[in-house]
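Scroll down for the structure; my scribbles are underneath it.
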Amino acid sequence: MNAFAQLFEALDETTKTNTKVQLMLEYFRSAHDEDKMFAIAILTGNKPKRPFSTTLLREWAAEYAGIPLWLFEESYFVAGDLGETIALVVDRNVDMGNEEDQPLSAVFSLIIALQKMEAAEQQQAIYKEWSRLTGTSLFLFNKMLTGSLRVGVSKKLVIKALAQYLEQDEGAITHRMMGKWNPFSTQFNEMFSASEAAIAHHTPYPFYLAYPLDQSFDDLGHIQDWVLEKKLDGIRGQIIFRNNELFIWSRGEDLLTDKFPEFNILQQYLPNGTVIDGEIIPWKDGQPLPFSVMQTRIGRKNVTPKFLKEAPLVMVCYDLLEFEGKDMRTEPLSVRRAQLIELLANPALQDVLLLSEEMVFPTWEDAKAFKNTARHYNSEGLMLKKRNSIYETGRKRGGWWKWKTDPLSIDAVMIYAQSGHGRRANLFTDYTFAVWDGDVLVPFAKAYSGLTDKEIDQLDRWIKQHTIEKFGPVRSVQAVQVFEIGFEGINKSTRHKLGVALRFPRILRWRQDKTAQDANTKADLLEMLVLYGS
Amino acid sequence: MLITVSENGWYCAQADVYIDPWKPVPRALITHGHSDHARPGHQYYLCHVDTKPVLKARLGPEIVCETVQYNESKYINGVQFSFHPAGHVLGSAQIRIEYKGEIWVITGDYKLLPDGFTPLFEPVKCHHFITESTFALPIYKFKAPTLIFDELVQWWQHNQSQNLNTVVLCYSLGKAQAILHHLRDHPNNIYLHGAVANLNDAFSENGYHFVGERISSDTNKESMKGALILAPPSAFGTPWMRKFGDYEVAMCSGWMQLRGQRRRLGVEKGFVYSDHCDFSSLNEAVQLSQAENVYVTHGYETQYVQWLREQYHLNAQVMKTQHDNAEQEDE
Ligand SMILES: [Zn+2]
C-alpha cells in the first residue's frame, strides 16, 4: 500500500497530464501484478461498496480521538471531507512512518469483510487499522471506508499509461477495461492478454462520443456526405447478445439488463453475436416521452406492470458494432447502417428496437433551421455523422459532431451560498438562484459550475462581506448579484416552490451589468414551461 | 481585572502600558516582531533583545526601543513584567505580568514543538492565561519541524535531479531563519528574497548568521540550476517569480494540513510546518500554565472555549483582539 500511497501523493501534487502518465507508468513497472489490478481498480473508480453508515464511523472516530462528537463535526465542517477529517483526528503516528506494508488486496479484502461483520467487530477491526497507519495510507484507508476515494486522473490517462506499459494500442486497452470487473477474480495477465478470445463475452465496446460542433458547417463539406439524426434525450446504451445471453450497458458502464425487462424479448429474436449502439428512451404513440419520465424509471427498484405500460422503453438504434460475431467498427458508417436497417427489418424486433431516422435536408442552412427549433420535435438538436466514418473509441473529433440547440436561459438573483467540498472547502461555490414573484424573490434552481476560478474567488469575498444570516453551512446573502442561468429543459414539478424543475441548470454568465431588479420573473419561467415544458 | 482589552489592544491600567496594541499608544510591550503584533506609531517600545533588530528594520531606526533578556524582570508602577521564550520566532516572548499576587500570561503567538533553532517555549504558571487558537481543532496535528525540514531537503534534492529550481514560501520572520539554520550543512545554491535577506541582515547585529545569498537586481536568475529560493508567501504569483526558469513551489504553513488548501493555492507541495501550536500543543500549554482562567483569541475561539470548559472544566472565555489568524503577509 505504501507504494500506491506514494503514487497517490505524487499524482495529487501535479496538474501536468504527462507527468501523471509518467508516474503511473513507473508504478506499473515496479508494482506486483496482484497490486496492479487493485491499483487500476482504484484509479478508475472501481471500488468496493461502503461497508456501513458514516454516522457510526463519525462516532467511532470521535471516540478513538478522545473528542466529543460536536468537535468532530466542527472539524469536518472546516476540512470539508469526511475521510480526510477522520484520517487527521485519528492519526497517532504523525512522527513515525507506517510500520509495515501490506498489499492493496488486503485493504480491499478488509473493506469487503467489514460489510459482513457485526458493529462491535467492525469497530475493533477499524481501530486496529487506525492505530497502525499514518499519513497518506491512513487517508486512503478512510476514503475507502467512506466510499469516496477518487484519484486525480481520468480513465483515459490510466489507459494511456497502461498502453505504454504493455506496448499495446489504447483502443484495445479501453475495450478490455469496459464494464465492471472484479479485481479479486481478474488476473492482470488475463485481462490484458493480447488475444481477442480472452475478452469476456459480456464486455461492451468503448462508446464513440461526439464533440460539440465548434466550426462553421462550410468546413464540413457536402451535406450529402453526412448522416443527420435527431439528438434524443435518453440514455446512451449498448445492447449485446452473445452466447445466448443479453446484456444492456449504459454509457456510464452500468449493467442495466435487469432494470429494462422490455428488452428480454430480444433473446428470442436477435442473432448471436450482435451489438447495437443507440438511445434508450421511453416511447409512446410514436413519440419520445420527456426525460423526467426516464429519471423516475431509473430511480425505481422494482418496475411495476403499470409503469411498463405507462412508460415503455425502446432503443432508438443508430449503429451496429458487431454482427454475426464480427467486429464491425472499422467498416464505414454507410455499411454498418445498411446492415442495421436489414437487421431491424424483422417485425418481431420492432416493438423495442426502432431505427434512428435519417433526417434529410437539402442544405446546411435547412439543417440549422431545424436544429434551432429541435425542441419542438422532442429533440436536443442534431447528430452529424460522416457516411464513411469508422466507429472510434472515446471522444474524437472529425467523424461525428453533436449540434445542439442553444440552452434556454433566464436571469436570476443569487440569494443563498454554500461552501464547497474538498478543493473548494472554505470557499462558497454552490449557489441558489431566485426569480421575482411580485416583490418577493422565490428560489427555483441551484447551480455549481460555470464560473472561472477567479470569478469564484471574487464572488466568495463578496459573499463573506454581504451575508445576512448563517444557517449551518448556508448563508443568505443580499439580493444583488445577477446571473444568467442556462438549462436544457423545463418540467412541471410539485417538489419545487415555483412548480417547475430545470434540467442541467448552470451558470452561463455573471451579469455584473445588471441589477437585481432586472432579473426575470415567475411569469417568465411559466411561459417557458408552456412553450417547452412537459 | 489587571488586563483588559481596550480599543487600542491589551491594556494594563495599573502600569498604564499596552501589550501588542493595534493603535498608536504611548507605551507598548511587544511579544514578537510579526506585523500584526508589532505596529508602527508607538512612542515607546519594550521587547526582547532579539526582537529589537526586527522592529528597527521594519518600523524605522528612529523608534524608541528598550530591551530585556528572557526571565529579566521590569517594574512599572509596582507591576512586575517579565519576558519568557514563546518558541514562535527568534525573539518571541510570552509576557508575564504580576501585581499583588495575581499573575497573567499573554502568550502572543507561540509553539511548543522544537524547530532546532528558536529558543524553546518555557511554561509559565499563572492564574490568567491568554492564548490564540489559530489551529485549535483536532484535525491540526503537526509533525516535528525538524522531520519536515528533512523532507524539504529531500524534495529539493529530487527537484535538483530533475533540473528544477525549488521555491519555498514561508514567513520571512521566524520560519525562514529556522529553515536556514537547518540548512547550514547545505550552504550552497541557496537564494533569498529581499524580505528574508533584510531580516537576516538585521539579526546579524545580534550575532546571528544564516546561509543564503540575497537576490538583487544584479542576480542572474536565468542561470540558476537546482537552486533553493526562499521567499515570503506574498511573492507567489508576482512578476518576481517569473525569471527562475523551471521550478516547483512549496508552501510551508499549518494550513497545508488540509489537501484542499494546498490545491487551492496552486503549489506543488505543501509542508505542514507552522510556527503556531497544533491542537494537542495548545492543550498541553494550557495545562502547563495551571491557570483557572483562559482567554482565547484569534482562530477557532468559540470551539476551543467550549472544549476547554467541557474537557478541563476551566473558566474559559472568548477574548476579541485584532490580531490575525490568517496567513499574514508580513511585508
Ligand atoms: Zn506571530
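The values are calculated or read from the model by the stated rules, or taken from the named source; none is laboratory data. Here the structure is a predicted model, which is why all the values come from computation and not from measurement. When we count neighbours, we look across all protein chains shown, and the Cβ atoms used for this are built from the backbone with ideal geometry, even at glycine. For accessibility, only protein heavy atoms count, side chains too; no ligands or nucleic acids. Shrake-Rupley method; radii C 1.70, N 1.55, O 1.52, S 1.80 Å.
Heavy-atom accessible surface of chain A, averaged per residue, reaches 47 Å², computed with a 1.4 Å probe. Checking the a/c ratio against 1.5 first, then a/b against b/c, what shape does the Cα gyration tensor give for segment A:1-127? Prolate, because a/c is 1.5 or more and a/b exceeds b/c.
Relative contact order of segment A:208-404: 32 percent, from C-alpha pairs under 8 Å at least 6 residues apart in sequence. Here the Karplus curve 6.51 cos²θ - 1.76 cosθ + 1.60, taken at θ = phi - 60°, turns the phi angles of segment B:123-137 into couplings of x, 10, 6, 6, 9, 10, 10, 9, 10, 7, 9, 3, 10, 7, 10 Hz, with x standing for Gly and Pro. Beyond a 28 Å Cα-Cα separation, which of these cross-linked pairs lie in this structure: A:156/A:180; A:116/B:141; A:368/A:522; A:368/A:446; A:160/A:230? The answer is A:116/B:141; A:368/A:522; A:368/A:446; A:160/A:230.
Remark on chain B: B:12, B:47, B:65, B:126, B:277 stand apart, with no other cysteine beta carbon under 4.7 Å. Gain on full extension, evaluated as 0.36 nm per residue between residue A:55 and residue A:102 minus their Cα-Cα distance, stands at 14.1 nm.
Could you go through segment B:151-165 in sequence order and give the Karplus-derived ³J(HN,Hα) for each residue, using 6.51 cos²θ - 1.76 cosθ + 1.60 with θ = phi - 60°, rounded to whole Hz, and x for Gly and Pro? Karplus values, whole Hz, x for Gly and Pro: 4, 5, 5, 4, 5, 4, 5, 4, 4, 4, 5, 9, 6, 10, 7. For the residues of A:59-72, the average number of beta carbons from a partner chain within 10 Å of their own beta carbon is 3. Classify segment B:145-271: rounded, prolate or oblate, from the alpha-carbon gyration tensor (a ≥ b ≥ c, eigenvalue square roots; a/c under 1.5 rounded; otherwise prolate if a/b is larger than b/c)? Here segment B:145-271 falls in the rounded category.
Here each label is just a point 7 Å from Cα along the line to Cβ, and for residue A:117 and residue B:49 those points are 5.9 nm apart.
Sequence-ordered 3J(HN,Hα) estimates for segment A:459-471 from the Karplus curve with 6.51, -1.76 and 1.60 and θ = phi - 60° stand at 5, 4, 5, 4, 4, 4, 8, 10, 6, 8, 8, 10, 10 Hz, glycine and proline given as x. On a per residue basis, the convex hull of the C-alpha atoms belonging to segment A:408-532 measures out at 108 Å³. Surface composition of chain B: carbon and sulfur atoms hold 46% of the protein heavy-atom accessible area at a 1.4 Å probe. Projected over all directions and averaged, the alpha-carbon convex hull of segment A:208-404 occupies 11.0 nm².
Looking at segment A:15-100, the GluC sites (Glu not before Pro) that sit in a DSSP loop and have at most 12 other Cβ atoms within 10 Å of their own Cβ are A:99, A:100. Apolar share of the accessible surface for chain A: 50 percent from carbon plus sulfur atoms, 1.4 Å probe.
Label-to-label distance, residue A:9 versus residue A:467, with points set 7 angstrom from Cα along the beta-carbon direction: 3.5 nm. Note on the protein assembly as shown: dipole from Cβ charges, positive end direction compared against B:176, A:119, B:200; the farthest Cα belongs to A:119. Dividing the mean sequence gap of close Cα pairs (under 8 Å, 6+ apart) by how many residues segment A:293-352 holds gives a relative contact order of 28 percent. Under the combined filter of DSSP loop state and at most 14 neighbouring Cβ atoms within 10 Å, segment A:257-363 retains these trypsin sites (Lys or Arg not before Pro): A:300, A:301. The angle between the Cα long axis of helix B:279-289 and the longest principal axis of the Cα atoms of chain B comes to about 40 degrees, rounded to the nearest 10. Taking only Cα atoms and a 10 Å spring cutoff, compute GNM fluctuations for chain B and point out the largest among B:213, B:292, B:268. So, out of B:213, B:292, B:268, the one fluctuating most is B:268.
Taken about its Cα centre, the protein assembly as shown carries a charge dipole of roughly 1500 debye when the Cβ of each Lys and Arg holds +1 and the Cβ of each Asp and Glu holds -1. The charge dipole of segment B:113-180, taken about its Cα centre with unit charges on the Cβ of Lys, Arg, Asp and Glu (plus for the first two, minus for the last two), comes to roughly 100 debye. Legend: residues in segment A:73-105 shielded by at least 10 square angstrom of accessible surface upon adding the remaining protein chains to the isolated chain (1.4 Å probe, heavy atoms) are A:74, A:75, A:78, A:79, A:84, A:88, A:89, A:91, A:94, A:95. Sparse packing (at most 10 other Cβ atoms within 10 Å of the Cβ) combined with a DSSP loop state is found for the following trypsin sites (Lys or Arg not before Pro) in segment A:481-518: A:495.
Can you grab the distance from the C-alpha centre of segment A:358-409 to the C-alpha centre of segment B:252-331, Å, no decimals? Answer, in whole Å: 57. Buried surface for the A/B pair, taken as the accessible area of each chain alone minus that of the pair with a 1.4 Å probe, is close to 2500 Å² in total. For segment B:141-207, the equivalent ellipsoid built from the Cα gyration tensor has semi-axes of 21, 16, 11 Å, listed from largest to smallest.
Assign one of three labels to the protein assembly as shown, namely rounded, prolate or oblate, based on the Cα gyration tensor with a ≥ b ≥ c the square roots of its eigenvalues; rounded applies when a/c is under 1.5, prolate when it is not and a/b is larger than b/c, and oblate otherwise. Note, shape of the protein assembly as shown comes out prolate. For chain A, adding -39500 (n - 2.57) for each run of n ≥ 4 DSSP H residues and dividing by the number of residues yields -10500 deg cm²/dmol at 222 nm. Heavy-atom accessible surface of chain B, averaged per residue, reaches 38 Å², computed with a 1.4 Å probe. When both segment A:87-140 and segment A:224-287 are represented by their alpha-carbon centers, they are found 43 Å apart.
The calculated 222 nm mean residue ellipticity attributable to helices in chain B amounts to -6500 deg cm²/dmol, summing -39500 (n - 2.57) over DSSP H runs of n ≥ 4 and dividing by all residues. Ranking A:291, B:95, B:3 by how far each Cα lies toward the positive end of the dipole of the protein assembly as shown (charges on Cβ) leaves A:291 at the top.
Each label was represented as a point 7 Å from its Cα along the Cα-to-Cβ direction; for residue A:92 and residue A:300 these points are 5.2 nm apart. Dividing the radius of gyration of the alpha carbons in segment A:217-258 by their Kirkwood radius gives 1.23 for Rg/Rh.
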